[in-house]
Amino acid sequence: MTTNPPVRRLADWSADRLRDLADEYGTPLYVLDPDRVRENADRLRAAFPETEVSYALKANTTRAVLEAVEQCGLGAECASAGEVQRAIDA
């Protein structure tokens, strides 16, 4: 049995680093961790090795997330033509 990685809480992040990012990019700001996306995708594939695992684009269509999902070999579950186009572009 594998152990899930710990949930990252806001307190786990450097407040100074987050302020610097907000100053640089403005707010609201979504900070994503593509490595964590890949880790989660790999855990899903390992948990269901005989199943095609797909990512629901409705959850997040950010290019960095879609590229990470694609790199892990997950499929794309799309609910609109726009989501299909974003998946193809990534």
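The values are calculated or read from the model by the stated rules, or taken from the named source; none is laboratory data. Here the structure is a predicted model, which is why all the values come from computation and not from measurement. Quick reminder, even Gly has a Cβ in these numbers, built from the backbone with ideal geometry, and neighbours come from all protein chains shown. We work out accessible area using only protein heavy atoms, side chains counted, and drop any ligands, DNA or RNA first. Shrake-Rupley method; radii C 1.70, N 1.55, O 1.52, S 1.80 Å.
Taking the criterion of being open to solvent by 80 Å² or more (accessible area, probe 1.4 Å) and in a loop (DSSP other than H, G, I, E, B), the residues of segment 18-50 that qualify are THR27, PRO28, TYR30, PHE48, PRO49, GLU50. Test LEU10 against the stated conditions and say whether it is among the aliphatic types (A, V, I, L, M) and either surrounded by 13 or more Cβ atoms within 10 Å (Cβ to Cβ) or touching a helix residue (DSSP H, G or I) at 6+ places or on another chain (Cβ under 6 Å) (or both). The answer is no for LEU10.
When ARG86 is tested against the conditions (1) in a helix (DSSP H, G or I); (2) within 26 Å of ARG9 (Cα to Cα); (3) open to solvent by 70 Å² or more (accessible area, probe 1.4 Å), the lone failure is (2).
The lone criterion from (1) surrounded by 10 or more Cβ atoms within 10 Å (Cβ to Cβ); (2) out of contact with any strand residue (DSSP E or B) (no Cβ under 8 Å at 6 or more places or on another chain); (3) among the hydrophobic types (A, V, I, L, M, F, W, C) left unmet by ALA56 is number (2).
Residues checked against (1) within 22 Å of TYR30 (Cβ to Cβ); (2) at pLDDT 95 or above; (3) within 15 Å of the chain's Cα centre (by Cα):
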| site | (1), (2), (3) |
| --- | --- |
| ARG45 | no, no, yes |
| GLU50 | no, no, no |
| THR61 | yes, no, yes |
| GLU70 | yes, no, yes |
| GLY73 | no, no, yes |
| VAL84 | no, no, no |
| ILE88 | no, no, no |
